[in-house]
Amino acid sequence: MKNISEAGENNDFRLFYRGVLNSYSQVFFSDNMVFSLVIILVTFIDPFIGVWGLASVLITNLTGMFLGFDKRIISRGIYGFNSLLVGLGLGVYFAPGWHFLIIVLLAAVFTLFISISAEGVIGKYQLPYLSIPFIISIWIIMLSTRDLTALGVSQRGVYTLNELYGLGGHSLVRIYEWWSQLGFPASLRVYFISLGAVFFQYTVLSGVILAGGLLYYSRIAFILSLLGFYSAFIFYEVIGADLDELNYSYIGFNYILTSIAIGGFFIIPSLSSYLSVIFFIPLVALVTISLGRVFAIFQLPIYSLPFNIIVLLFLYVLKFRINKTNRLITFFYQYNSPEKNLYAYKSSAERLAHLWDVQLKLPFFGEWIVTQGYDGEHTHKDEWRHALDFEILDDEGSPFRGTGEKCIDYYCFDKAVLSPSGGTVEEVINDIPDNSIGEIDLVNNWGNTVIIRHREGLYSKLSHLRENSVTVKRGDTVKEGQRIAKCGNSGHSPIPHLHFQLQSTPWVGSATLEFPLSHYILKKNVKYEFRSYDIPEKDHKLMNVEVNPLLEKAFDFIPGKKIRVSGVINKKDTSSLWEVQTNIYKKSYILCGRTGARAWFENDGTLFYFTHFEGNRSSLLYHFFLAAYKVQLGFYPKISLEDRFAVNRAFRGPLLCLQDLVAPFYLFLRSDFRIDYKSIDSTLSPGLIKLQSTVDHRIFSRLLRTVSFEMEINKKGLHKLYGESGDLKIEATWED
C-alpha cells in the first residue's frame, strides 16, 4: 500500500531521525511525530525496557541504511517498528548486561531481515506484513536463550516500590500509589493496561498516557480501540471464559489493534467497518484462546499472533470480491490516519470519480449531437443498450445540406473518426459498401467497424464507417485522438452517423458496457457546461475540450520547474521560490521553499486539479491551492466548474475534532469550490485571461465564511492572484 505523503527528502540525518520516531508510532499505523514522542515516553516508564527498545530501533535503521535499503521506507518506520517490539519484549525478560547487548544486536538485525523478506513475500499480494517479523524473531530468540546460561533473568517488577524509589525517591512512589488507588471501573482499568501492554508496559499510567496520545493522533482510532476492547470484554463475559485481569492484559491489545486495523486503517471508516469490528472481535477471541492453549505447550506467549491472522485473512479475502460495493472499501494510497483516509476517499468519491483506469474522449473533431443515447428509441436495446449515435447538425437543426438524397449531403459523412483513447486495434472491417440514403444492410449489421482494446476487459467499437476509409489494421497501436477512419453509412444505417460503444469482449456484436467519457463540453443554446466523467444523453450537443494555449502554459507544472512568487498576505511578505517535484511513485507536487508546504496535483492535459495539501496554511501556496483547486484548460464564455474540498483540507481545530468523531457516519462540515471563466481579451490570439474562484465554508449547510480569488493569466503564464475574505487580503505576482 503506497504512502501518498512521501516527501522525497534527501537529507540522510533527517530521514534517519524520522525513521526512529516513526518506528514507534507505526505500531499504531501512524506517522504522527507528537504521538511518537508520547509512545517513547511510555516505553521509558520502565527505563531499562525503553533503552533496549530504542537500541533495537537504532541498530535496525543503521543496518538498513548501511546495507543500502530504501531510506524513505526506513524513514517511515516500516522496518523499525517490529525491531522496537522485539527490543522491548526482550528487555522485559532479561537483565541488562553486555551479554544481553549482543543478543539485542543480533535480534535487531535478524528482525530487519525478516521484515524485508516478509515485504517481498506478503507484499507481492499487496498486503501488509504487520507484526509478523516481531513474532517470528522474538519466538526464535526466546527459545534459543533457554540454553544461554550467561543471560540473567530480569527481576524487575518483583519489588516494584523499591525500584521506583531508586529511580525517583518518595515522589515517584507516591505518584505510583496515587494512580493505583484511582477508582477506575474494572473494565476501564483492564483497557488501559491492555493498551500499555502493546509496548510491554503493564500499568494503568502507561495506558492512560497512550490513550491520550491515541486520541490526539486520531479520534476514530481512539473510538475503535474502545469498540474493539469492549466487544471482546463483553464476549468473554457472555461465553463465560475464565480470564483474570493479569492474563487479559497480555492479550487484550490484539482486540485493540484488530479494531483499528479493520475499522479505520486498512478499510475506510464507515458504519460497515464498525459493524465488522463487532463481528470479528469474537473471532479474534476464539483464535486467541485456542492459540494460547497450543503455545502454552512450548511456554511461548502468543503476543499479537491473533491480530495478524485475522487482519491478514480478512484483507486477503476481500481481494477476491467480484462486485465491489460501497461497503468495506479498501484503498491504494495510505495517509497514515483514519480521518485523512476517510476524508480523502469521500473527496475522491465526489470529485475524482474519474479515477477510472482508462480515460475516453469523444471520437471526433468539432461539435456533434447525440441522436440516440442509452436505451434508444430505435436500436440500443437489451444487451446493446449502452451505446451512442452521433451526427452533425447545422444552425437550423438539419443533418444535411440540399435535398439530403446522397450520403455526401450529410455534414458528418466523410468526417474524421478518432481513437477515443490509446490502445491496440483488435478488429477491422473495411470493405462494406455505404448504403444509399434510406436503405440498410440487413446482413452486415455493424458495417465497417474498428474495435480497439484499451485494457483487458475494455474495448471501444466504432461502427458504420465509410467504405475503405479505415487507416489502421489489426495489431496496430493507436494513440488518443489519432485518426483511424471516416464516418460513413455502412451496415444497419439508413443515414450517415457514427455508432460508438464500449464492451468487455473484442468481438463484433458483443454486448455493450456502461462507461463514462472523461471530459467534454456540453453546449446548451449559447451556454457551455464542462462535463467530467459523465455519459451524454440524447440531443446533447457536445465537443472535446479545446485547450487554450494560455491556460495550458500557466498550469504546465513539469518536474524540476522553479517558480518565483512575490506575495503579501495581510501586509506580511510571503514571497517564495516554488519548485515542482515528484515522489518515488511519480506523484507531482509544488514545494514551497519558504515554508516547506506541498500542494499535490494532477494534470491530464485537459483538466488541472489539486489532490491535497500538506503544511503551513498561512503560506501563499495554500491560498493558490484554494484558488486553483480545479481548472479545465479550455476557455469557454460564462462556463463554471464546481467542486468540494476534503474536510480536513479546509477546517481544523476543535470543529474538525468534533467532525472526526462522527465522520464515518455523517459529515456536517463542507467546503465548496467554484471557478468562473470571467474574461478573455481575444478568442483568436488571447493575451489575457481572468478567472474568478470562491471557496464557501459551511456547517450544517449554514455559510460560515467565503474566500474570493481572482487570477490573471497572460502569455507568460500565471501573472497575478488576488484574494479576500473579511480581514484576509492576499496579493501575489508570478515573476518571469
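The values are calculated or read from the model by the stated rules, or taken from the named source; none is laboratory data. On a predicted model such as this, the values are computed, not experimentally measured, just so you know. Ideal geometry is used to build each Cβ from the backbone, glycine not excepted, and the neighbour counts take in all protein chains shown.
Some points to look at:
- The set of residues from segment 478-528 being in a strand (DSSP E or B), aromatic (F, W, Y) and either more than 19 Å from G376 (Cβ to Cβ) or in contact with a helix residue (DSSP H, G or I) (Cβ under 8 Å, 6 or more places away or on another chain) (or both) comprises Y520, Y528.
- All of (1) in a helix (DSSP H, G or I); (2) modelled with pLDDT of 90 or more; (3) crowded, with 21+ Cβ neighbours inside 10 Å hold for F100 with one exception: (2).
Condition check ((1) modelled with pLDDT under 95; (2) surrounded by fewer than 19 Cβ atoms within 10 Å (Cβ to Cβ)) across all residues:
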position: Q359; (1), (2): yes, no
position: D375; (1), (2): yes, yes
position: D382; (1), (2): yes, yes
position: F390; (1), (2): no, no
position: P399; (1), (2): no, no
position: G402; (1), (2): yes, yes
position: D409; (1), (2): no, yes
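Per-residue answers, yes or no, for (1) surrounded by fewer than 17 Cβ atoms within 10 Å (Cβ to Cβ); (2) within 14 Å of V631 (Cα to Cα); (3) over 33 Å from the mean Cα position of the chain (by Cα):
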residue: F673; (1), (2), (3): no, yes, no
residue: G687; (1), (2), (3): yes, no, yes
residue: T706; (1), (2), (3): yes, no, no
residue: F709; (1), (2), (3): no, yes, no
residue: I713; (1), (2), (3): no, yes, no
residue: Y722; (1), (2), (3): yes, no, no
residue: I730; (1), (2), (3): no, no, no
residue: E735; (1), (2), (3): yes, no, yes
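- Test result for E439, more than 23 Å from I535 (Cβ to Cβ), of a type outside the set (A, V, I, L, M) and at pLDDT below 95: yes
- Residues that are among the hydroxyl-bearing types (S, T, Y) and within 15 Å of Y17 (Cα to Cα), drawn from segment 32-75: S36, S56, T60, T63, S75
- At least 1 residues being surrounded by fewer than 17 Cβ atoms within 10 Å (Cβ to Cβ) is the threshold, and among the strands (runs of 3 or more DSSP E) wholly inside segment 572-612 those reaching it are 576-582, 598-603.
- For segment 394-447, a residue qualifies if it is over 48 Å from the mean Cα position of the chain (by Cα), among the aliphatic types (A, V, I, L, M) and not in a loop (DSSP other than H, G, I, E, B), and exactly one does: I408.
- The sole residue among V287, V317 that is exposed (fewer than 13 other Cβ atoms within 10 Å of the Cβ), within 21 Å of A118 (Cβ to Cβ) and either among the hydrophobic types (A, V, I, L, M, F, W, C) or not assigned by TED's automatic domain parsing to the domain that holds Y93 (or both) is V317.
- Counting only residues that are without any contact (Cβ under 8 Å) to a residue 60 or more places away in the chain and either in contact with a Cys (Cβ under 6 Å, 6 or more places away or on another chain) or buried (at least 24 other Cβ atoms within 10 Å of the Cβ) (or both), segment 27-69 holds 7 of them.
- Residue that is nearest to D604 (Cα to Cα), among those in segment 456-467 that are assigned to a loop (DSSP other than H, G, I, E, B) and modelled with pLDDT of 95 or more: R466
- Unmet requirement for Y129, which otherwise passes all of (1) in contact with a strand residue (DSSP E or B) (Cβ under 8 Å, 6 or more places away or on another chain); (2) of a type in the set (S, T, Y); (3) not in a helix (DSSP H, G or I): (1)
- Residues that are of a type in the set (D, E, K, R), modelled with pLDDT under 95 and within 24 Å of C592 (Cα to Cα) are absent from segment 698-706 altogether.
- Where a residue in segment 430-458 is more than 8 Å from H492 (Cα to Cα) and without any contact (Cβ under 8 Å) to a residue 40 or more places away in the chain and its partner, wherever it lies, is part of a loop (DSSP other than H, G, I, E, B) and not hydrophobic (A, V, I, L, M, F, W, C), with Cβ under 8 Å and at least six apart: D431/E467; D431/N468; I452/S419; I452/P420; I452/S421
- Residues being assigned to a helix (DSSP H, G or I) and surrounded by fewer than 20 Cβ atoms within 10 Å (Cβ to Cβ) - total across segment 132-149: 9
- Here E537 does not fit the description of being of a type in the set (D, E), part of a strand (DSSP E or B) and within 16 Å of W368 (Cα to Cα).
- Filter result for K486 (touching a Lys or Arg at 6+ places or on another chain (Cβ under 8 Å) and buried (at least 16 other Cβ atoms within 10 Å of the Cβ)): yes
- Here S115 does not qualify as under 14 Å from G53 (Cβ atoms), assigned to a helix (DSSP H, G or I) and modelled with pLDDT of 90 or more.
- Spans of strands (runs of 3 or more DSSP E) in segment 696-736 with at least 1 residues without any contact (Cβ under 8 Å) to a residue 40 or more places away in the chain and in contact with a strand residue (DSSP E or B) (Cβ under 9 Å, 6 or more places away or on another chain): 702-714, 717-725
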